[in-house]
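Take a look at this one; I'll ask things after.
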Amino acid sequence: MTAMLMEEGLDSGPILGYRYFKIPETMLLPELMNKLSDDACTLTTDIIHRFETIEPMEQNRAMASHCKKIKKADGLVDFRLATDFYDKYRAFEGWPGIFLEGGMKVKEVILVDRETDHNMGEILEIKEGSIIVGCNQGSLEIGTLQPASKKAVNAKAYCVGRGLKVGSSLL
């Protein structure tokens, strides 16, 4: 997070101060937003108190990063890499959310395994309130599924209602 002076260019002004924060692998977007809000308040207060004595630093353009505008279509996920699926879940929780081809929304996701190879979308285990689903690389625990234009249900209930068993494909 960076505090900077305003210039005509996009995020191009001299830096007044900054804070580093490593995002924990299990942190979801709402928690991250709260953390960043708290840190931004602390940084802003610090900058205000030291403003007269701060020596602004030019930005290192090589360290700059940009993000395109997020669209609903960015929430589309597949079962290739469990880590990619999980990272999209963490980033897009709330809006746009994540969904499978066909529009089924996927909620309450936990990264179970990063490495093991499975068939894409294969149900590996049905638990009390969730299911474990395989990816080409890794696996995920899914707690809630919401078919397009339907109510959200726990993943086990979804499987039972559709006759899906261990070894069936969720796709």
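Read the figures in this text as sums done on the coordinates, not as results from a lab. It should be emphasised that the depicted structure is a prediction, and the values quoted were computed from it without experimental measurement. Using ideal geometry, Cβ is built from the backbone for each residue, glycine included, and neighbour counts are taken over all protein chains shown.
So for the chain, taking the charge dipole from beta-carbon charges (+1 Lys/Arg, -1 Asp/Glu), which of 153, 60, 106 sits furthest toward the positive end?
Highest projection toward the positive end goes to 153.
So, one more: If you take every DSSP beta bridge whose two residues both sit in the chain, what share of them, in percent to the nearest 5, is antiparallel?
If we restrict to bridges inside the chain, about 90 percent are antiparallel.
Go through the stretch 10-21 residue by residue and turn each phi into a ³J(HN,Hα) via Karplus (6.51, -1.76, 1.60, θ = phi - 60°); whole Hz please, and just put x for glycine and proline.
6, 6, 10, x, x, 7, 9, x, 7, 9, 9, 8
Set the Förster distance to 30 Å, then compute FRET efficiency between residue 5 and residue 84 from the Cβ-Cβ distance, nearest 0.05.
0.20
Separate question: I need 98, 23 ordered by Cβ neighbour count within 10 Å, fewest first.
23, 98
So if R0 is 25 Å, what FRET efficiency would residue 34 and residue 66 give, r being the distance between their Cβ atoms, rounded to the nearest 0.05?
Computed FRET efficiency for residue 34 and residue 66 comes out at 0.55.
For helix 29-50, what angle does its Cα long axis make with the longest principal axis of the chain, in degrees from 0 to 90 and rounded to 10?
10
Let me ask something additional. With the contact rule set at Cα under 8 Å and sequence spacing of 6 or more, what percent relative contact order holds for the chain?
16
Further question: With 5 Å bins from zero, work out the P(r) of the chain over every alpha carbon pair and list the percent per bin.
Result, from short to long distances: 1, 8, 14, 16, 15, 11, 8, 7, 7, 6, 4, 2, 1, 0 percent.
Can you put 6, 120 in order, fewest other beta carbons within 10 Å first?
Least crowded to most crowded, the residues run 6, 120.
Given 5 Å bins starting at zero, what is the percent of C-alpha pairs of the stretch 2-63 in each, up to the one with the largest pair distance?
Calculated over all Cα pairs of the stretch 2-63, the distribution is 4, 16, 22, 20, 19, 13, 6, 1 percent.
In terms of modelled amide H atoms, which long-range or inter-chain residues lie less than 5 Å from the amide H of residue 76?
Correct list: 99.
Lys pairs in the stretch 14-171, Cα-Cα under 20 Å, at least 8 apart or on separate chains: how many?
28
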